[in-house]
Amino acid sequence: MADEEAHSATAAKPLLAAVGLTKRFGGVTALRGVDLSLFPGEVHALLGANGAGKSTLVKILAGVEQPDAGEVRIAGGSTYFATPHAALAAGLATVHQELSLFPSLSVAENILIGREPRRLGLWIDRRTMRRRGAELLKSLGAADIDLDTPVGELPLAQAQLVEIAKALSAEPLVLILDEPTSALSIAEVERLIAVTERLRAQGRAIIFISHRLGEIERIADRVSILRSGEKVGKFEPGAFRRDRALQLMLGENWQEARPPERCVQERQAAPSILTVENLTLPRHFSAVSLDLAPGEVLGLAGLEGQGQKEVLFALFGLFRRGLEGKIEIAGRRLHPRSPHQAIAAGLAFIPDDRKSLGGFLGLSVTQNIVIAALDLVRSGPLLSPVAESALVEELIHRLDIRCASADVPLGSLSGGNQQKVVVAKWLTRRAPVYIFCDPTRGVDAGARAGLFAVIRELAAAGSGVLFYSTDISEFPALCDRVLVFREGRIVGTLAGAAVTEPTILDLFFREPGPGAPVGARHKKEWGDQPGSGAEHVEHHE
Amino acid sequence: MTSAVPPEGEAATPLLARFSPRTQRVLLSYVILLAIYVCCVAVSRDFLTWSTMRLQLVQATFIGLITIGETFAILIGQIDLSVPWTITLSAVLGTNLSALYGHQWVAFAVVILIGGAVGLLNTLGVYVLRVHSLIWTLSVNLLLQGVALIYTNAVAPTTHIPALARFLALGSVSGVPMAFVVWAFFSALTILALTRFRFGRYIYAIGNRQTTALLSGVPLGRVHALVFVLSGLGAAFVGLMLSGYSSQAYLGMGNDYLLPPIAAVVIGGTRLSGGDGGYFGSIAGALTVVFLQAMLITLNVSEGSRQVVFGAILLSLAFLFLKRGR
């Protein structure tokens, strides 16, 4: 780019330059011809919606993924990094969102892991190790962290500083901070910003990724914006403008987001089908209250990891312990301790990842569809093949599932058809409440339209629907009302024509005021989360 | 093994493609059974006589009954290695207590109590505490061994065997061995349970993907408990039958029943990774294992070499099936 060349002509040469990076996953182009250059002593922010290609770009720079085209030039050489190790050796360190520390090892051991100073090349020189660790922490202004504490006992914010110290122990020229603030409280964010400024003053180049526009305004020198895998714009130092950035992130015509075409359903005097009062799960969400009317589609929006998914998991009985608050379905109290119970109480749950959660790839289409409705196809103790196939054939027809026969394994169907089978599983019983948890991930546009039609049908037939998606554009297209989550709390409610992408985004990004409560999430330690539903699910894997 | 019957193998090839992989594996297990039987006959004409076959069928019954629980366990992706000393403890306790109280039904009560208790203990470790079933059930086996040793130190095993146990193991109903009738009955029930009961659907669902099963409302805890209790009951029941068969209960009588049932499940085409297979193949597997043992005995192979050969054959079969499974 011309202006970048101008920059390089007037100032130092770039430490790192990515040129024309392209990456495809199957038929999807995650990154298309992206350029990026980094100069010493600058903070370069990357901005983009979920799925815009930020993580792919970071992974290529860090050597985790290899580009299909393009190259990364570092210190003049032309290369890309075949492994994370190669990237590190070339002077590029990454602090990922998920920390890569060993909870049972001490702070000093973690900082210098794999790079321990040795005596005679044999045993570890503990004194030098402690000294190096202390130096690195001090350079971050974090000398207050005790070198001998096991990292698992540190609060998340301190653990993150340890992670940064660990990255700095390799003396990198370029440091990538991937959403370092997403899990931090306001005071902790301040400290991280101070640390970032220090690193910049040391002459390093920093790639800073965050969804919070306020932080970016404060700390970034230059900002690059990605959308759908392309770099759609950038701001030079001092030129950043929030509204323009949102526009670039969402596309030029975002302001024209139409008011929903369907008429907003009158909320009838009919009693709510689902009432939730003050539902709290420590470290995930707190004081969540909502009610759902029959025939209503209620969206739970928020950036990833703001607790909205966990609320849905909790309703479905995936958190056995620690859940407080009141849940009523059609006037009856529910204490969900297992999906088995939740289903009996009238819930149906369509999960996000069809491969890992939704379907049994090795079992037949029939077996997949009837698994949640075995009580409906029984005659005495035996399952009736006749009743089974009648039920399955009807659903195959209704959802237009393309399969050679109902006896072929689910795994032999295309992705969209697999998702339809997973949905069909829950249409076998008329549940009063349907939970759709990011059901369109990895599903093509046609299948998505079909799925939306099904959801509207369910609502029209009198079920209540809770809907969560990582794609914001789906909320205006589908929902009667939207609750916006941030840091485990509902921070806003939008209804009817007010449900638009900009209004939702505005609630996402609006900085919490000084008096705003700090989210309950991650308040304690980041290490273990006993009894969490996520853990529960993973464990069963 | 298949080379022994080239006509079947070749003729079946074009047909095979019409069957699902699972059916193919079951067919293959019966081809192997046939091949082993042909080998047996080649070794000794005795295998054509009813008296020899009767003996083999009774032996196969013992393995086959244990294989029921083992098939369930492997289908949900677990394994039950607590079988040997469940057999022994149930036999020793059952016969002694029924002799003590002078009533043979006491023995059956003991079978149910021990089988149920072992099953629940295995559920506790494998499902509730989430210890790997290989480790947990093998440890339970050791624990049961200890209990049996303590008990027999205090009380000598009896030779007074309940009449019903003798009848189940040695009796006949119009020429057909009673043991075989028992096996046939439970086999039919097992196949029905796996194909037409809710329980069977739950088992395949769990074995296929436990997380999905959980999200589909499968009561994971109940199914695990039922599987391990059924496996424990099967082993305990076989213990009682074995005491009737050999007219005594003795320490170590279950030792030969650790791996053969698992071999039978694998030969029967059930995948050790779970979720795929069934009991119909396990029947062929149980018979194959028994014929294989009988053939090696007939060949007068010494005990040590017999074990080597048996182990090697099982290994290659397991390899054959596991490889096909991928």
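The values are calculated or read from the model by the stated rules, or taken from the named source; none is laboratory data. In this text the structure is predicted, and so the values were computed from the model without any measurement. Note that each Cβ is placed from the backbone with ideal geometry, even for glycine, and that neighbours are counted across all protein chains shown.
For B:VAL83, are the conditions met, namely being crowded, with 24+ Cβ neighbours inside 10 Å, within 28 Å of B:GLN293 (Cα to Cα) and β-branched (Val, Ile, Thr)?
Details: crowded, with 24+ Cβ neighbours inside 10 Å: yes; within 28 Å of B:GLN293 (Cα to Cα): yes; β-branched (Val, Ile, Thr): yes.
Spelling it out, B:VAL83 is indeed crowded, with 24+ Cβ neighbours inside 10 Å, within 28 Å of B:GLN293 (Cα to Cα) and β-branched (Val, Ile, Thr).
Regarding segment B:42-58, can at least one residue be identified that is farther than 13 Å from B:GLY268 by Cβ and modelled with pLDDT of 95 or more? Let's see the steps before the verdict.
We begin by selecting, within segment B:42-58, every residue farther than 13 Å from B:GLY268 by Cβ; these are B:42-58.
If we keep only those that are modelled with pLDDT of 95 or more as well, we get none.
No, segment B:42-58 contains no residue that is farther than 13 Å from B:GLY268 by Cβ and modelled with pLDDT of 95 or more.
Residues in segment A:375-387 that are polar (S, T, N, Q) and either at the interface with chain B (Cβ under 7 Å from one of its Cβ atoms) or in a helix (DSSP H, G or I) (or both): how many? Lay out the reasoning, then the answer.
First, pick out the residues of segment A:375-387 that are polar (S, T, N, Q): A:379, A:384.
Next cut, either at the interface with chain B (Cβ under 7 Å from one of its Cβ atoms) or in a helix (DSSP H, G or I) (or both) only: none.
Within segment A:375-387, residues that are polar (S, T, N, Q) and either at the interface with chain B (Cβ under 7 Å from one of its Cβ atoms) or in a helix (DSSP H, G or I) (or both) number 0.
I need the full set of residues from segment B:187-207 which are facing chain A (nearest Cβ under 9 Å) and among the hydroxyl-bearing types (Ser, Thr, Tyr), in order please.
B:THR195, B:TYR202, B:TYR204, listed by residue number.
Those residues that are crowded, with 23+ Cβ neighbours inside 10 Å and touching a His at 6+ places or on another chain (Cβ under 9 Å), I need them from segment A:285-308; list them, please.
Selection gives A:GLY307 alone.
With A:VAL34, A:VAL19 as the choices, which residue is closer than 18 Å to A:VAL223 by Cα, modelled with pLDDT of 90 or more and of a type in the set (Val, Ile, Thr)? Walk me through it before giving the result.
Numbers: A:VAL19 fails: modelled with pLDDT of 90 or more.
Testing whether each residue is closer than 18 Å to A:VAL223 by Cα, modelled with pLDDT of 90 or more and of a type in the set (Val, Ile, Thr) leaves just A:VAL34.
Do you know which of the residues in segment A:234-268 that are at pLDDT below 80 and acidic (Asp, Glu) is nearest to A:GLY488 (Cα to Cα)?
In this case the residue turns out to be A:ASP243.
How many residues are in contact (Cβ under 8 Å) with a residue 12 or more places away in the chain and either surrounded by 20 or more Cβ atoms within 10 Å (Cβ to Cβ) or in contact with a Phe, Trp or Tyr (Cβ under 7 Å, 6 or more places away or on another chain) (or both) if we restrict to segment B:28-46? I'd like the intermediate steps shown before the answer.
Going through segment B:28-46, the residues in contact (Cβ under 8 Å) with a residue 12 or more places away in the chain turn out to be B:28-40, B:43-44, B:46.
Cutting the leftovers down to either surrounded by 20 or more Cβ atoms within 10 Å (Cβ to Cβ) or in contact with a Phe, Trp or Tyr (Cβ under 7 Å, 6 or more places away or on another chain) (or both) gives us B:28-29, B:32-33, B:36-37, B:40.
Total satisfying the criteria: 7.
Here are some conditions: (1) in a loop (DSSP other than H, G, I, E, B); (2) away from chain B (no Cβ under 14 Å). A:GLU393 meets all but one. Which one does it not meet?
With respect to (1) in a loop (DSSP other than H, G, I, E, B); (2) away from chain B (no Cβ under 14 Å), A:GLU393 is out only on (1).
Just to be sure I understand the filter: pairs with C-beta atoms under 6 Å, separated by 6 or more residues or on different chains, first member in segment A:181-197 and more than 17 Å from A:GLU487 (Cα to Cα), second member part of a helix (DSSP H, G or I) and modelled with pLDDT of 80 or more. Which pairs pass?
A:ILE193/A:ILE219; A:THR196/A:ILE219
Return yes or no: is A:SER412 in contact with a strand residue (DSSP E or B) (Cβ under 7 Å, 6 or more places away or on another chain), over 30 Å from A:ARG320 (Cα atoms) and within 12 Å of chain B (Cβ to nearest Cβ)? Reasoning before the result, please.
On the way: in contact with a strand residue (DSSP E or B) (Cβ under 7 Å, 6 or more places away or on another chain): no; over 30 Å from A:ARG320 (Cα atoms): yes; within 12 Å of chain B (Cβ to nearest Cβ): yes.
So A:SER412 does not fit the description; no.
Could you check how many residues of segment A:269-295 are modelled with pLDDT of 90 or more, aliphatic (A, V, I, L, M) and over 16 Å from A:ARG481 (Cβ atoms)?
Residues that pass the stated criteria total 3.
Read through the list (1) farther than 21 Å from A:ARG430 by Cβ; (2) surrounded by fewer than 19 Cβ atoms within 10 Å (Cβ to Cβ), then give the number of the only condition that A:ASP375 fails.
(1)
Go through segment B:276-300 and count every residue that is at positive phi and either in contact with a Cys (Cβ under 9 Å, 6 or more places away or on another chain) or at pLDDT below 90 (or both).
1
Tally the residues that are at pLDDT below 95, farther than 18 Å from A:LEU318 by Cα and within 14 Å of chain A (Cβ to nearest Cβ), restricting the search to segment B:208-248.
Residues flagged as at pLDDT below 95, farther than 18 Å from A:LEU318 by Cα and within 14 Å of chain A (Cβ to nearest Cβ) within segment B:208-248 amount to 1.
Is it the case that A:ARG191 is assigned to a helix (DSSP H, G or I), over 26 Å from the mean Cα position of the chain (by Cα) and either within 24 Å of A:SER104 (Cα to Cα) or basic (Lys, Arg) (or both)? Reasoning before the result, please.
Values: assigned to a helix (DSSP H, G or I): yes; over 26 Å from the mean Cα position of the chain (by Cα): no; either within 24 Å of A:SER104 (Cα to Cα) or basic (Lys, Arg) (or both): yes.
Answer is no for this residue.
Could you go through segment A:58-71 and let me know if any residue there is in contact with a His (Cβ under 9 Å, 6 or more places away or on another chain), outside any loop (DSSP other than H, G, I, E, B), surrounded by fewer than 22 Cβ atoms within 10 Å (Cβ to Cβ) and at pLDDT below 90.
Yes, because at least one residue in segment A:58-71 is in contact with a His (Cβ under 9 Å, 6 or more places away or on another chain), outside any loop (DSSP other than H, G, I, E, B), surrounded by fewer than 22 Cβ atoms within 10 Å (Cβ to Cβ) and at pLDDT below 90.
Of all the residues that make up segment A:89-111, how many are outside any strand (DSSP E or B), in contact with a Ser or Thr (Cβ under 8 Å, 6 or more places away or on another chain) and either over 19 Å from A:VAL195 (Cβ atoms) or polar (S, T, N, Q) (or both)?
Going through segment A:89-111 one residue at a time, the tally reaches 2.
Let's see how each residue does on (1) at pLDDT below 85; (2) surrounded by fewer than 20 Cβ atoms within 10 Å (Cβ to Cβ):
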site: A:ASN368; (1), (2): no, no
site: A:SER379; (1), (2): yes, yes
site: A:LEU382; (1), (2): no, yes
site: A:GLU388; (1), (2): no, no
site: A:SER405; (1), (2): no, yes
site: A:LYS425; (1), (2): no, no
site: A:ALA431; (1), (2): no, no
site: A:TYR434; (1), (2): no, no
site: A:ALA453; (1), (2): no, yes
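Which pairs have Cβ atoms under 6 Å, sit 6 or more apart or on different chains, and link a residue in segment A:122-136 that is assigned to a helix (DSSP H, G or I) to one that is aromatic (Phe, Trp, Tyr)?
Listed by first residue and then by second, the contacts come to nothing, as the list is empty.
For segment B:155-166, indicate whether the set of residues that are under 19 Å from the mean Cα position of the chain (by Cα), surrounded by 15 or more Cβ atoms within 10 Å (Cβ to Cβ) and within 30 Å of B:ARG54 (Cβ to Cβ) is non-empty. Give the steps one after another, and end with the answer.
Residues of segment B:155-166 under 19 Å from the mean Cα position of the chain (by Cα): B:165.
Now restrict to residues that are surrounded by 15 or more Cβ atoms within 10 Å (Cβ to Cβ): B:165.
Filter once more, keeping what is within 30 Å of B:ARG54 (Cβ to Cβ): B:165.
The answer is yes; a qualifying residue exists.
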